[in-house]
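The values are calculated or read from the model by the stated rules, or taken from the named source; none is laboratory data. None of these values were measured; they are calculated from a predicted model. Backbone-built Cβ (ideal geometry, glycine too); neighbour counts: all protein chains shown.
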Amino acid sequence: MELHGLHGQVVGRIGESLAAEEIRAGEVLRLEDVQERYGVSRTVAREAVRVLESKRVVTSRPRVGITVRPMDEWNLYDPQVIRWRLASPFRGAQLRELAELRAAVEPSAASLAATGASADAKNALLALAREMARVARTDDIQGFIAADLAFHRALLNASGNGMFAQLSEVTEELLVARRDLPLMPDHVDADSVRLHLRVAEAVSQGQAVDAAQCAGIIVDAAHREVEQLLEGGTPCALGGPPGTH
(Lines give C-alpha, C1' and ligand atoms only; values in the text may rest on other atoms or scores of the structure.)
Protein backbone atom coordinates (compact mmCIF):
# COMPACT_ATOMS: atom_id res chain seq x y z
CA MET A 1 0.00 0.00 0.00
CA GLU A 2 1.38 3.37 -1.04
CA LEU A 3 1.43 5.87 1.82
CA HIS A 4 0.50 9.50 1.30
CA GLY A 5 0.76 12.63 3.40
CA LEU A 6 3.61 13.91 5.52
CA HIS A 7 4.07 10.72 7.54
CA GLY A 8 4.21 8.75 4.28
CA GLN A 9 7.00 11.00 3.03
CA VAL A 10 8.92 10.46 6.26
CA VAL A 11 8.45 6.69 6.01
CA GLY A 12 9.81 6.75 2.45
CA ARG A 13 12.84 8.87 3.33
CA ILE A 14 13.73 6.74 6.33
CA GLY A 15 13.18 3.53 4.38
CA GLU A 16 15.44 4.66 1.56
CA SER A 17 18.15 5.58 4.09
CA LEU A 18 17.82 2.17 5.73
CA ALA A 19 18.02 0.30 2.42
CA ALA A 20 21.09 2.35 1.44
CA GLU A 21 22.64 1.54 4.85
CA GLU A 22 22.95 5.22 5.65
CA ILE A 23 21.23 4.16 8.87
CA ARG A 24 22.59 0.76 9.83
CA ALA A 25 21.18 -2.29 11.57
CA GLY A 26 21.44 -1.99 15.33
CA GLU A 27 21.49 1.79 15.28
CA VAL A 28 19.15 3.33 17.85
CA LEU A 29 17.19 6.52 17.16
CA ARG A 30 15.00 8.57 19.45
CA LEU A 31 11.64 9.92 18.38
CA GLU A 32 13.18 13.36 18.85
CA ASP A 33 15.87 12.43 16.30
CA VAL A 34 13.18 11.65 13.72
CA GLN A 35 11.40 14.92 14.48
CA GLU A 36 14.58 16.95 14.13
CA ARG A 37 16.01 15.15 11.10
CA TYR A 38 12.80 15.40 9.05
CA GLY A 39 11.33 18.56 10.51
CA VAL A 40 8.02 17.04 11.59
CA SER A 41 5.83 16.99 14.66
CA ARG A 42 5.97 14.31 17.30
CA THR A 43 2.62 12.95 16.09
CA VAL A 44 3.90 12.56 12.50
CA ALA A 45 7.17 11.02 13.69
CA ARG A 46 5.32 8.53 15.89
CA GLU A 47 2.99 7.52 13.03
CA ALA A 48 5.97 7.05 10.67
CA VAL A 49 7.69 4.81 13.22
CA ARG A 50 4.48 2.80 13.62
CA VAL A 51 4.41 2.14 9.85
CA LEU A 52 8.08 1.15 9.84
CA GLU A 53 7.39 -1.26 12.70
CA SER A 54 4.59 -2.84 10.66
CA LYS A 55 7.13 -3.53 7.91
CA ARG A 56 9.44 -5.04 10.54
CA VAL A 57 12.31 -2.71 9.68
CA VAL A 58 12.50 -1.22 13.17
CA THR A 59 11.43 -2.00 16.72
CA SER A 60 10.38 0.66 19.19
CA ARG A 61 10.58 0.19 22.96
CA PRO A 62 10.10 2.62 25.84
CA ARG A 63 13.38 3.79 27.38
CA VAL A 64 15.29 2.04 24.56
CA GLY A 65 14.28 3.96 21.45
CA ILE A 66 13.84 2.99 17.81
CA THR A 67 16.20 0.17 16.86
CA VAL A 68 16.95 -0.69 13.22
CA ARG A 69 16.50 -4.40 12.57
CA PRO A 70 18.81 -6.47 10.32
CA MET A 71 17.51 -6.63 6.75
CA ASP A 72 16.87 -10.38 6.93
CA GLU A 73 14.20 -9.61 9.56
CA TRP A 74 12.38 -7.06 7.37
CA ASN A 75 9.17 -7.89 5.51
CA LEU A 76 11.01 -8.36 2.23
CA TYR A 77 7.72 -9.10 0.42
CA ASP A 78 6.40 -5.60 1.11
CA PRO A 79 6.35 -3.81 -2.28
CA GLN A 80 7.49 -0.55 -0.72
CA VAL A 81 10.46 -2.30 0.89
CA ILE A 82 11.29 -3.78 -2.51
CA ARG A 83 11.24 -0.33 -4.09
CA TRP A 84 13.52 1.02 -1.37
CA ARG A 85 16.00 -1.74 -2.11
CA LEU A 86 15.74 -1.16 -5.88
CA ALA A 87 16.50 2.53 -5.35
CA SER A 88 19.54 1.77 -3.20
CA PRO A 89 23.18 1.18 -4.21
CA PHE A 90 22.48 -2.50 -3.52
CA ARG A 91 19.70 -2.88 -6.08
CA GLY A 92 21.51 -5.79 -7.75
CA ALA A 93 20.72 -8.11 -4.86
CA GLN A 94 17.02 -7.17 -5.02
CA LEU A 95 16.83 -7.62 -8.80
CA ARG A 96 18.45 -11.04 -8.49
CA GLU A 97 16.11 -12.14 -5.69
CA LEU A 98 13.02 -11.05 -7.65
CA ALA A 99 14.20 -12.93 -10.73
CA GLU A 100 14.87 -16.06 -8.67
CA LEU A 101 11.44 -15.83 -7.04
CA ARG A 102 9.69 -15.56 -10.40
CA ALA A 103 11.70 -18.49 -11.78
CA ALA A 104 10.62 -20.64 -8.83
CA VAL A 105 6.93 -19.71 -8.84
CA GLU A 106 5.61 -18.98 -12.32
CA PRO A 107 6.19 -22.37 -14.01
CA SER A 108 4.29 -24.05 -11.16
CA ALA A 109 1.54 -21.44 -11.44
CA ALA A 110 1.21 -22.14 -15.18
CA SER A 111 0.95 -25.88 -14.55
CA LEU A 112 -1.73 -25.40 -11.89
CA ALA A 113 -3.66 -23.00 -14.12
CA ALA A 114 -3.70 -25.53 -16.95
CA THR A 115 -5.24 -28.19 -14.75
CA GLY A 116 -7.48 -26.16 -12.48
CA ALA A 117 -8.36 -22.72 -13.85
CA SER A 118 -11.89 -21.89 -14.88
CA ALA A 119 -12.80 -21.37 -18.52
CA ASP A 120 -13.21 -17.65 -17.82
CA ALA A 121 -9.73 -17.42 -16.30
CA LYS A 122 -8.21 -19.26 -19.27
CA ASN A 123 -10.02 -17.04 -21.74
CA ALA A 124 -8.87 -13.94 -19.86
CA LEU A 125 -5.26 -15.13 -20.05
CA LEU A 126 -5.59 -15.70 -23.81
CA ALA A 127 -7.08 -12.23 -24.23
CA LEU A 128 -4.18 -10.66 -22.35
CA ALA A 129 -1.61 -12.53 -24.47
CA ARG A 130 -3.35 -11.27 -27.60
CA GLU A 131 -3.34 -7.75 -26.18
CA MET A 132 0.43 -8.06 -25.71
CA ALA A 133 0.69 -9.04 -29.39
CA ARG A 134 -1.45 -6.09 -30.45
CA VAL A 135 0.56 -3.58 -28.42
CA ALA A 136 3.85 -5.10 -29.58
CA ARG A 137 2.96 -4.41 -33.21
CA THR A 138 2.95 -0.69 -32.41
CA ASP A 139 6.31 -0.97 -30.58
CA ASP A 140 4.67 0.74 -27.60
CA ILE A 141 7.13 -0.14 -24.80
CA GLN A 142 5.03 1.31 -21.98
CA GLY A 143 1.89 -0.36 -23.28
CA PHE A 144 3.71 -3.67 -23.59
CA ILE A 145 4.94 -3.49 -20.00
CA ALA A 146 1.39 -2.75 -18.78
CA ALA A 147 0.03 -5.73 -20.75
CA ASP A 148 2.90 -7.91 -19.51
CA LEU A 149 2.12 -7.00 -15.88
CA ALA A 150 -1.54 -7.86 -16.38
CA PHE A 151 -0.66 -11.19 -18.02
CA HIS A 152 1.62 -12.39 -15.23
CA ARG A 153 -0.81 -11.23 -12.55
CA ALA A 154 -3.60 -13.17 -14.28
CA LEU A 155 -1.38 -16.26 -14.57
CA LEU A 156 -0.66 -16.30 -10.83
CA ASN A 157 -4.35 -15.74 -10.05
CA ALA A 158 -5.38 -18.51 -12.45
CA SER A 159 -3.19 -20.97 -10.54
CA GLY A 160 -5.88 -21.16 -7.87
CA ASN A 161 -3.15 -20.97 -5.23
CA GLY A 162 -3.94 -18.01 -3.00
CA MET A 163 -0.34 -17.65 -1.86
CA PHE A 164 0.88 -17.53 -5.47
CA ALA A 165 -1.78 -14.94 -6.25
CA GLN A 166 -0.61 -12.72 -3.41
CA LEU A 167 2.93 -12.86 -4.77
CA SER A 168 1.83 -11.09 -7.95
CA GLU A 169 2.45 -7.62 -6.51
CA VAL A 170 5.91 -8.74 -5.44
CA THR A 171 7.08 -10.50 -8.59
CA GLU A 172 5.82 -7.77 -10.90
CA GLU A 173 8.20 -5.33 -9.23
CA LEU A 174 10.91 -6.81 -11.45
CA LEU A 175 8.90 -5.84 -14.53
CA VAL A 176 8.14 -2.40 -13.12
CA ALA A 177 11.85 -1.91 -12.40
CA ARG A 178 12.54 -2.02 -16.14
CA ARG A 179 10.34 1.04 -16.50
CA ASP A 180 11.52 2.96 -13.47
CA LEU A 181 15.23 2.16 -13.65
CA PRO A 182 17.48 2.78 -16.69
CA LEU A 183 17.07 -0.77 -17.97
CA MET A 184 14.79 -0.15 -20.92
CA PRO A 185 15.53 -1.59 -24.37
CA ASP A 186 14.33 0.10 -27.53
CA HIS A 187 12.10 -2.56 -29.06
CA VAL A 188 9.66 -5.33 -28.20
CA ASP A 189 10.85 -8.73 -29.40
CA ALA A 190 8.40 -10.95 -31.29
CA ASP A 191 9.75 -14.09 -29.55
CA SER A 192 8.47 -12.80 -26.22
CA VAL A 193 4.99 -12.35 -27.62
CA ARG A 194 4.99 -15.85 -29.09
CA LEU A 195 6.10 -17.39 -25.80
CA HIS A 196 3.38 -15.65 -23.85
CA LEU A 197 0.83 -16.81 -26.40
CA ARG A 198 2.16 -20.37 -26.09
CA VAL A 199 1.74 -20.25 -22.31
CA ALA A 200 -1.83 -18.97 -22.64
CA GLU A 201 -2.70 -21.58 -25.27
CA ALA A 202 -1.20 -24.43 -23.25
CA VAL A 203 -3.13 -23.30 -20.17
CA SER A 204 -6.32 -23.00 -22.23
CA GLN A 205 -5.87 -26.52 -23.60
CA GLY A 206 -5.07 -28.06 -20.22
CA GLN A 207 -1.49 -28.90 -21.21
CA ALA A 208 0.23 -28.53 -17.83
CA VAL A 209 3.70 -29.70 -18.87
CA ASP A 210 3.83 -27.43 -21.92
CA ALA A 211 2.50 -24.47 -19.93
CA ALA A 212 5.17 -24.93 -17.25
CA GLN A 213 7.94 -25.37 -19.81
CA CYS A 214 7.02 -22.20 -21.72
CA ALA A 215 6.64 -20.19 -18.53
CA GLY A 216 10.03 -21.55 -17.46
CA ILE A 217 11.63 -20.29 -20.66
CA ILE A 218 10.21 -16.82 -20.03
CA VAL A 219 11.35 -16.49 -16.42
CA ASP A 220 14.71 -18.20 -16.97
CA ALA A 221 15.47 -15.70 -19.72
CA ALA A 222 14.43 -12.87 -17.40
CA HIS A 223 16.87 -14.24 -14.82
CA ARG A 224 19.66 -14.28 -17.42
CA GLU A 225 18.83 -10.72 -18.41
CA VAL A 226 19.18 -9.56 -14.80
CA GLU A 227 22.59 -11.22 -14.57
CA GLN A 228 23.61 -9.58 -17.85
CA LEU A 229 22.52 -6.17 -16.59
CA LEU A 230 24.35 -6.65 -13.30
CA GLU A 231 27.50 -7.51 -15.22
CA GLY A 232 27.25 -4.23 -17.11
CA GLY A 233 25.55 -5.41 -20.27
CA THR A 234 22.73 -3.61 -22.05
CA PRO A 235 19.17 -4.86 -22.49
CA CYS A 236 18.23 -6.53 -25.74
CA ALA A 237 14.87 -5.97 -27.39
CA LEU A 238 12.20 -6.06 -24.72
CA GLY A 239 11.25 -9.65 -24.12
CA GLY A 240 13.78 -11.11 -26.56
CA PRO A 241 16.57 -13.52 -25.73
CA PRO A 242 18.13 -12.92 -23.28
CA GLY A 243 15.46 -10.36 -22.48
CA THR A 244 12.33 -12.48 -22.73
CA HIS A 245 10.27 -11.94 -19.66
* Asked: In this structure, does V34 turn out to be within 17 Å of R13 (Cα to Cα), at pLDDT below 95, in contact with a His (Cβ under 9 Å, 6 or more places away or on another chain) and of a type outside the set (K, R)?
  -> no
* Structure fact -> Quick count over the stretch 31-72, residues being acidic (D, E), surrounded by 12 or more Cβ atoms within 10 Å (Cβ to Cβ) and under 24 Å from the mean Cα position of the chain (by Cα), is 1
* To do: Consider only pairs whose beta carbons are under 6 Å apart and that are at least six residues apart or on different chains; among these, list those whose first residue lies in the stretch 200-222 and is touching a residue at least 40 places away in the same chain (Cβ under 8 Å) and whose second residue is assigned to a loop (DSSP other than H, G, I, E, B).
  => I218/T244; A222/H245
* **One residue from G143, G92, G160 being at positive phi and touching a helix residue (DSSP H, G or I) at 6+ places or on another chain (Cβ under 6 Å)** => G160
* To do: Evaluate the following for E47: is it of a type in the set (D, E) and assigned by TED's automatic domain parsing to the domain that holds V11?
  => yes
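Which one of these is modelled with pLDDT under 95 and assigned to a helix (DSSP H, G or I): L18, L6, L52?
Unique residue meeting the criteria: L6.
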* Among G15, G39, G92, which is small (G, A, S) and closer than 17 Å to V170 by Cβ? -> G15
* Asked: Take the residues of the stretch 120-144 that are buried (at least 20 other Cβ atoms within 10 Å of the Cβ) and under 20 Å from Q205 (Cα atoms): which is modelled with the lowest pLDDT?
  -> M132
* Structure fact -> Checked L174, L238 against criteria (among the hydrophobic types (A, V, I, L, M, F, W, C) and either assigned by TED's automatic domain parsing to the domain that holds A129 or modelled with pLDDT of 95 or more (or both)); the one match is L174
* Structure fact -> By residue number, the members of the stretch 112-138 that are β-branched (V, I, T) and either over 16 Å from D191 (Cα atoms) or touching an Asp or Glu at 6+ places or on another chain (Cβ under 8 Å) (or both) are T115
